[in-house]
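Read the structure below first, then the notes.
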Amino acid sequence: ESALLLRARNRALESEEMVKYFFGHVIKKSSAKTIKVLVNNFVFNKRAGRRLKVSTKLLTHDPEETCNVGDFVKVRHSGEKISKRKAHVLHEIIRRQEQ
């Protein structure tokens, strides 16, 4: 039974449902096929009794180089590292920056 449970758990982890998505704005086109995405999140601080805004900058793989600075994008975790600091892939562009 344990082998069957392990196989089922591995299949669930590999499925699309377990992939984590992030939403953010493109703040920089770093180098070829790489963009930097600013993701905002809110964390509740018990001591202060309020929500605090926390920002994270993710290096993201943009295979077709379609993004521009200011675009609002959906990014997914790739499951493995693409390079030393890059572990996310562009999933879709939700809204383009108006020129």
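All of the numbers you see were taken from the coordinates with simple rules; none came from a lab. Please read these numbers as outputs of a predicted model, since none were measured by experiment. Neighbour counts run over all protein chains shown; Cβ positions are idealised from the backbone, glycine included.
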- Message: I want to check the label-to-label distance for residue 64 and residue 78. Put each point 7 Å from Cα in the C-beta direction and report it in nm to one decimal.
- Response: 1.8
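Rounded to a whole number of µm²/s, how large is the Stokes-Einstein D of the stretch 46-91 at 25 °C and 0.890 mPa s, given Rh as the Kirkwood radius over C-alpha pairs?
Translational diffusion coefficient: 192 µm²/s.
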- Query: Which three lengths, in whole Å and largest first, does the stretch 11-99 cover when its Cα atoms are put on their principal axes?
  - Reply: 45, 43, 25
- Among the lysines, select those whose C-alpha is under 22 Å from the C-alpha of residue 53, and discard any that sit fewer than 8 residues away in the same chain. 20, 28, 36, 74
